[in-house]
Amino acid sequence: AQSVTQPDIHITVSEGASLELRCNYSYGATPYLFWYVQSPGQGLQLLLKYFSGDTLVQGIKGFEAEFKRSQSSFNLRKPSVHWSDAAEYFCAVGAAGTYKYIFGTGTRLKVLA
Amino acid sequence: NAGVTQTPKFQVLKTGQSMTLQCAQDMNHNSMYWYRQDPGMGLRLIYYSASEGTTDKGEVPNGYNVSRLNKREFSLRLESAAPSQTSVYFCASRTNTEAFFGQGTRLTVV
């Protein structure tokens, strides 16, 4: 079955610390992978996406993610977290020729001053 | 740029009442979607429309109907609201490579 797993429901980091949010997927076709961020009371904003090519992709706000096919993972990273990064982060998977995304359940990030 | 606009932003309904959530996009996208977001469950697809004139069920369509009125507009209707439909509803439209989301409608059914 197709699925996306974000194993961490909540993560707390100190401002300036590094961050890694985990995402694992199960998908039959070659996946398109996405990370979205949702600030409180807002819609979802695309951080970055992977379709093919270089497995390390850069996104907005200093985020990057690495696609590892052997591990079926697409983890999101940031070297130094800012207080404004506190939000909920969603991993999603789709594929060419399909109209549906599958979303993970989200990871809520708290940043300590 | 407006992007994806949803109305209303907030709504309280009594059980059994009906209402329609409106969504419009100005990006000329073919595909549009309705999701609901519940704590700990991420976003679940209710219905989608791959193009004007077509609609299809997603994961959780029961209790909902949709209308793709034209290329811009995709509405979601609750015919007889139930407390289980208390949620935040998001409309989205898509290119081949990216989905754009509205700000959401927070619906409470009492």
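One table, with the values for the structure above:
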| item | result |
| --- | --- |
| Residues of type lysines that residue A:68 reaches as a straight line, Cα spacing below 27 Å, ignoring anything fewer than 8 places off in the same chain | A:49, A:78, A:100, A:110 |
| Set of aspartates and glutamates near residue B:14 by C-alpha distance (under 20 Å), chain-local residues within fewer than 8 positions excluded | B:38, B:79 |
| Gaussian network model of chain A, Cα within-10 Å springs - most flexible of A:68, A:49, A:78 | A:68 |
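Since every read-out is calculated from the coordinates, none of them should be taken as a lab result. Every value quoted in this text rests on a predicted model; they were computed, and no experiment measured them.
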